[in-house]
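I have placed the structure first, in the form of structure tokens, so that the comments after it can refer back to it.
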Amino acid sequence: MSNFFRYVEGELHAEEVAIAPLAARLGTPFYLYSASALAAAYRRFAGAFAQERPLVSFALKANSNLAVVSLFAALGAGADVVSEGELARALAAGVPAEKIVFSGVGKRRSELAAALAAGIRQINVESFSELNRLCALATEMGRVAPVALRVNPDVDAATHDKISTGRKKDKFGIAWDEVIEAYRLAARLPGLEPVGLALHIGSQLVDLAPFRRAFERLRELLHRLRQSGLAVSRIDLGGGLGIRYSDEKPPDLQAYAALVREIFGTLEVELSFEPGRFLCGAAGLLVARVETVKESAGKRILVLDAAMNDLIRPALYGASHEILPLRQALREEPLLAADVVGPICESGDSFAEGRPLPPFAEGDLLAFKAAGAYGAVMSSTYNSRPLLPEVLVSGRRFAVVRARQSVAELLALDSIPEWLGEAAERAPEEAPAERVS
Ligand code: LLP
């Protein structure tokens, strides 16, 4: 139990706000964030690098709610964005352009143009082709693009396959043996100013060894670039620090900071980071209700009102989020093994299998822990289930920082063309024969 989510008089609280009455008021499911937990995570991270004072760019992909990003901005964070939408969010939340970094393996021309127009700190370029396109665009716009090259160091992050990004076979970055050539090209091309190197080898790393291997490769590149007379003033070390979901043992932040210091400490280079999960993962809960309890074929199945469209991490990565009852009394009762599932018509719509849990009954409320990162942002409207609300708590106060989408709003995005009736009438019974012209 953290200091921010704990039982007070038998009821689970977020800071000083009891969660069950919130659920009664707002309906379930919903995401709930603790402002103090968010701020504490940021302060811990920044504090571990108090000597270096790096730019800490919060990776918006982990949680892009404007209130959350605003809170980090107020604490001094920058932003790591990967789309025009995230760039707009970062700016709207008050992150100064000079603290925004644009990452991503496939940026569109319009996205690069928006980044140049906003005058952001740095564009992390991932290919020769992107260098050439950015050069053409910047020249056209009469701008100079500050560019860092994202290096693919060919290091296995030893995390889930779907969130590993630093192996040669992964689509990310410029192969490390081609980086010098790319940097030289960037230095030659008009409209580009190569400022440094960037790296991000994966997410939810629970071991420091892959970080070490990747950082060493980056340092070697930095030396070689400098030896050949090229200026390298910045190193962006990405995100990836893991957090605890169930029994993982994430690396100690101080040990991570010591590693960074050991490798880059004497290099006269400006450091920056792009943490996402570390800053917001533990600060959020997904609150849901047990809709139905099914006892079938000797199994106990809890069907919730939350589903894979609301929190997809278990279905997509086999992730395991701890489940807490909102009523503490339930924790004192003997545990029963249960499958925890959502109501979507797919067997993948499952949160846990055979998990020992308190004896939840229909109507009971529960919370998934560590749902603050890659939760709400990855939700969808599959099965025409509207997007969930998000609530931020601070001390005794709370605010709905994203409203629950209504079914009407969801439907309003679709339209039925006027000519549809006609098309239905005229449609042939069989598809026309295939024509090759
Ligand atoms: N920088 C770049 C370029 C990234 O691609 C990512 C995450 C980050 C920073 C932030 O990484 P973090 O510190 O959060 O590990 N949906 C997955 C995680 C995908 C991460 C993608 N990239 C999950 O739910 O586990």
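A few comments on the model shown:
- Among the candidates Ala338, Ala297, Ala315, residue that is free of Cβ contacts under 8 Å to residues at least 40 places away in the same chain, more than 16 Å from the ligand (Cβ to nearest atom), in the same structural domain as Arg385 (by TED's automatic domain parsing) and within 29 Å of Thr159 (Cα to Cα): Ala338
- Scoring Val105 on the criteria (1) within 16 Å of the ligand (Cβ to nearest atom); (2) open to solvent by less than 60 Å² (accessible area, probe 1.4 Å); (3) under 17 Å from the mean Cα position of the chain (by Cα) leaves a single failure, condition (2).
- Counted residues, segment 143-157 - those being more than 11 Å from the ligand (Cβ to nearest atom) and assigned to a loop (DSSP other than H, G, I, E, B): 6
- Residues that are within 9 Å of the ligand (Cβ to nearest atom) and open to solvent by less than 30 Å² (accessible area, probe 1.4 Å) within segment 66-83 comprise just one, Asp80.
- Hits in segment 256-272 - residues which are touching a Ser or Thr at 6+ places or on another chain (Cβ under 7 Å) and in a strand (DSSP E or B): Glu270, Ser272
- Considering segment 190-215, and only residues there that are of a type in the set (D, E, K, R) and not in a loop (DSSP other than H, G, I, E, B), the residue that is farthest from the ligand (Cβ to nearest atom) turns out to be Glu193.
- Scanning segment 158-184 for residues that are surrounded by 13 or more Cβ atoms within 10 Å (Cβ to Cβ), of a type outside the set (Asp, Glu) and assigned to a loop (DSSP other than H, G, I, E, B) turns up Ala158, Thr159, His160, Thr165, Gly166, Arg167, Lys168, Phe172, Gly173.
- Any hit, segment 123-131, residues being at pLDDT 95 or above, surrounded by 20 or more Cβ atoms within 10 Å (Cβ to Cβ) and out of contact with any helix residue (DSSP H, G or I) (no Cβ under 9 Å at 6 or more places or on another chain): yes
- Single residue of Val287, Val303 found to be away from the ligand (no atom under 16 Å from the Cβ), among the hydrophobic types (A, V, I, L, M, F, W, C) and crowded, with 24+ Cβ neighbours inside 10 Å: Val287
- Candidates Glu98, Glu140, Glu86 - the one that is open to solvent by 10 Å² or more (accessible area, probe 1.4 Å), assigned to a helix (DSSP H, G or I) and within 12 Å of the ligand (Cβ to nearest atom): Glu86
- Sole residue being closer than 16 Å to Ala307 by Cβ and touching an Asp or Glu at 6+ places or on another chain (Cβ under 8 Å), chosen from Leu366, Leu410, Leu388: Leu388
- Residues of segment 30-50 classified as open to solvent by 20 Å² or more (accessible area, probe 1.4 Å) and of a type in the set (A, V, I, L, M, F, W, C), total: 3
- Asn63 meets the conditions (1) without any contact (Cβ under 8 Å) to a residue 60 or more places away in the chain; (2) buried (at least 19 other Cβ atoms within 10 Å of the Cβ); (3) within 14 Å of the ligand (Cβ to nearest atom) in every case but one. The failed one is (1).
- Residues that are open to solvent by 50 Å² or more (accessible area, probe 1.4 Å) and more than 27 Å from Ala338 (Cα to Cα) number at least 2 in the following strands (runs of 3 or more DSSP E) confined to segment 360-437: 397-402.
The values are calculated or read from the model by the stated rules, or taken from the named source; none is laboratory data. No experiment lies behind these values; they were computed from the predicted model shown. So basically every Cβ, Gly included, is an ideal-geometry build from the backbone, and we count neighbours across all protein chains shown. Accessible surface areas use protein heavy atoms only, side chains included; no ligands, DNA or RNA. Shrake-Rupley method; radii C 1.70, N 1.55, O 1.52, S 1.80 Å.
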